[in-house]
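Take a look at the structure below.
The values are calculated or read from the model by the stated rules, or taken from the named source; none is laboratory data. Predicted model, so just to flag it, every value in this text is computed and none were measured. Cβ coordinates were reconstructed from backbone atoms using ideal geometry, including for glycine residues, and neighbour counts include every protein chain displayed. Areas reflect the complete protein model, heavy atoms only, side chains present, ligands, DNA and RNA absent. Shrake-Rupley method; radii C 1.70, N 1.55, O 1.52, S 1.80 Å.
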Amino acid sequence: MSNFDNIKGKYPLLIEGLCNAAKSHRLAHAFIIQGAMAESRNKFALALAQIGCCPNRAENGEPCQVCNICRAIDNDNYADMTKLTPEGKAFQIKVGDVGNPLPNTLRNFTDSFYFSKISSAERKVGIIYEADRMNSEAQNALLKTLEEPPRESLIILATAKPKSLLPTTVSRCHLITLTDKKLNFTFAKQKELFSALFSAFNADGDLLQLEESAETIIGIAESLKAEANDKIEAEFMPKIEQAKEFDDKLVKRLTQLMSDNAVGCYIGERMQFLSAIYCFFAQLALLAEGADFDNLPNSEVFDSLEVKKSEIPLEKALNAVKLAESMIYSFNFFVNEPLAIRSFIFNI
Ligand SMILES: [Zn+2]
């Protein structure tokens, strides 16, 4: 499947809206693509480049995907596409010298972006990856380009953190929020989990509240094994009872199968439990960054909670995402799980 079809399958409404805009010559000249997953952001940027550049688009505004330009974008050798990525130890995008800017600096990027278009494409494209890594000097130098873009051009800033960009940068771009695939949580105590996580997030140093949250979450983690056993037993016991009447060997085989299945089911539930914790805080951070509830893939995690978007401290939410990530990573090893959960909760 082509990158464009893949992205269209994942974000049908966004793509339709952009294609319509391109068809009627209303496509904005600058975009911020916001999303938690770098891969989705970067692939979306290429699909958007095709929408903006294809000189041969279909009636519904979709790029043809077969012309030289569509193919060049797919193969990453489109001559009128300039890219910029942060580099160095600090992973920063610096402004660069006026006269002789080094590669991967903002001025080097704008110099080649302004260089006149050489292909027959509708637009030339500039993509800045991890755009929040531009320091403010670099962002200020980009402003002029955003304010008075060269004719027939498209600038795309891809980032997980648009709030780290200057307001003047953000206000000159059209914001697209990507939400990634919906997760499906089936373990029984998910509501309790989300409410304990939210309570810990809002504890504000209240040790009793933190301790209560930690106890609840540890209890849920410990209940997963019993829950998995119950599910599998409910499925297998009737068969085993039946087999008892005529075949001892079959009983033995079924009992073994039941216990194997219970282990598999437990592993699945535990993975769900851990991704639910990560998903909760990742979405909280997206809200703090300005995303809408309606655009979240798993907004149901906030269903029974009173979350006020404007009151979520962004830094704290981002920190919780990081902590969740490292706790989940540590669970791959033989850690003391209750201790890991408690330390996670007390550090949020
Ligand atoms: Zn095309």
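Rg and Dmax of segment 190-347, both derived from C-alpha coordinates alone, stand at 19.6, 66 Å. Within a Cβ distance under 15 Å of S330, other residues only, what is the Lys/Arg minus Asp/Glu net charge? So the environment of S330 carries a net charge of +1. Figure legend: label point modelled 7 angstrom from the Cα of L143 along Cα→Cβ; residues of segment 82-121 with amide N under 17 Å from it are 95-96, 106-107. Sequence-distant contacts, meaning Cα pairs under 8 Å at least 6 residues apart, place the relative contact order of the chain at 16 percent.
Before anything else, pin down the relative contact order of segment 190-347: Cα pairs under 8 Å, at least 6 apart, normalised by residue count, whole percent. Working shown, then result.
On the way: 117 pairs, mean separation 46.3, N = 158.
Dividing the mean separation by the residue count of segment 190-347 yields 29 percent.
Derived scalar couplings between HN and Hα for segment 55-62 equal x, 10, 6, 6, 4, 7, x, 6 Hz in order, rounded to whole Hz, by the Karplus curve 6.51 cos²θ - 1.76 cosθ + 1.60 (θ = phi - 60°), x for Gly and Pro. Put +1 on the Cβ of every Lys and Arg and -1 on every Asp and Glu Cβ in the chain; which of L208, M37, A79 then has its Cα farthest towards the positive end of the dipole? Final value for the positive-end residue is A79.
The loop-placed trypsin sites (Lys or Arg not before Pro) in segment 70-102, going by DSSP, that have at most 15 neighbouring Cβ atoms within 10 Å of their Cβ come out as K89. Amide H contacts under 5 Å for K83: I127, restricted to partners 5 or more places along the chain or on a different chain, H placed in the peptide plane at 1.01 Å from N.
Placing unit charges on each Cβ (+1 for Lys and Arg, -1 for Asp and Glu) gives the chain a dipole about its Cα centre, and among A291, G99, T179 the Cα reaching farthest toward its positive end belongs to G99. Could you compute how fast the chain diffuses translationally, taking Rh as the Kirkwood radius over C-alpha pairs and applying Stokes-Einstein at 37 °C with viscosity 0.692 mPa s? Give it in µm² per second. It diffuses with D of about 141 µm²/s by this estimate.
Using a probe radius of 1.4 Å on heavy atoms only, what accessible surface per residue do you get for segment 190-347? Whole Å² is fine.
Working: 8800 Å² over 158 residues.
Ligands and nucleic acids excluded, the result is 56 Å² per residue.
Roughly how many debye, to the nearest 20, is the charge dipole of segment 1-111 about its Cα centre, given +1 on each Lys and Arg Cβ, -1 on each Asp and Glu Cβ, and no other charges?
Working: 12 positive and 11 negative charges, 43 e Å.
Dipole magnitude for segment 1-111 comes out near 200 debye.
Helix 38-53 and the long axis of the chain differ in direction by around 40°, with both axes built from C-alpha atoms.
Solvent exposure of segment 3-177, expressed per residue, is 47 Å² of accessible area, with all protein chains present and a 1.4 angstrom probe.
Summing +1 for each Lys or Arg and -1 for each Asp or Glu among the other residues whose beta-carbon sits under 15 angstrom from that of Y266 gives -4.
Ranking Q139, L250, S153 by Cα position along the charge dipole of the chain, where only Lys, Arg, Asp and Glu carry charges on their C-beta atoms, puts S153 farthest toward the positive end.
Take every pair of alpha-carbon atoms less than 8 Å apart whose residues are at least six positions apart; their mean separation over the length of segment 31-119 yields a relative contact order of 17 percent.
Over 18 Å between C-alpha atoms is what I'm after, so list which of K161/K322; K8/K182; K10/K182; K189/K231; K161/K182; K43/K322 land there. The partial results should precede the final answer.
Numbers: K161/K322 14 Å; K8/K182 16 Å; K10/K182 11 Å; K189/K231 14 Å; K161/K182 21 Å; K43/K322 24 Å.
In this structure, K161/K182; K43/K322 lie more than 18 Å apart at Cα.
Applying a DSSP loop filter and a limit of 16 other Cβ atoms within 10 Å to the GluC sites (Glu not before Pro) in segment 305-348 leaves E306. For the chain, the dipole from Cβ point charges (+1 on Lys and Arg, -1 on Asp and Glu) about the Cα centre works out to 1240 debye, to the nearest 20.
Per-residue ellipticity at 222 nm from helix content only, as computed over the chain with -39500 (n - 2.57) for each DSSP H run of at least four residues, stands at -17500 deg cm²/dmol. Sequentially through segment 90-104, phi angles give Karplus couplings (6.51, -1.76, 1.60; θ = phi - 60°) of 7, 6, 10, 10, 9, 6, x, 5, 5, x, 9, x, 6, x, 6 Hz, Gly and Pro residues having no value and appearing as x.
With N set to the residue count of segment 3-177, report its C-alpha Rg divided by 2.2 N^0.38 Å to two decimal places.
On the way: Rg = 15.3 Å, N = 175, 2.2 N^0.38 = 15.7 Å.
Taking the Cα Rg and dividing by 2.2 N^0.38 Å, one obtains 0.98.
So how do 31-43, 58-70 stack up, highest first, on mean other-Cβ count within 10 Å? It would help to have the intermediate numbers written out before the result.
Numbers: 31-43: 19.8, 58-70: 16.9.
Listed from highest to lowest mean packing, they are 31-43, 58-70.
Report, to the nearest 10°, how far helix 136-147 tilts away from the longest principal axis of the Cα atoms in the chain, using its own Cα long axis and a range of 0 to 90°. The angle comes out near 60 degrees. For A30, the residues 5 or more places off, or on other chains, whose built amide H falls under 5 Å of its own are I155, H174. Amide H contacts under 5 Å for M134: I93, restricted to partners 5 or more places along the chain or on a different chain, H placed in the peptide plane at 1.01 Å from N.
Using only side-chain charges placed at the Cβ, +1 for Lys and Arg and -1 for Asp and Glu, the dipole size of segment 190-347 relative to its Cα centre rounds to 520 debye.
In order along segment 284-295, the Karplus-derived 3J(HN,Hα) couplings, from 6.51 cos²θ - 1.76 cosθ + 1.60 at θ = phi - 60°, round to 4, 5, 4, 4, 4, 7, x, 5, 8, 3, 5, 8 Hz, and Gly and Pro are given as x. Take each peptide in 336-347, 133-144, count the other Cβ atoms within 10 Å of every residue, and average; sorted highest first, the result is 133-144, 336-347.
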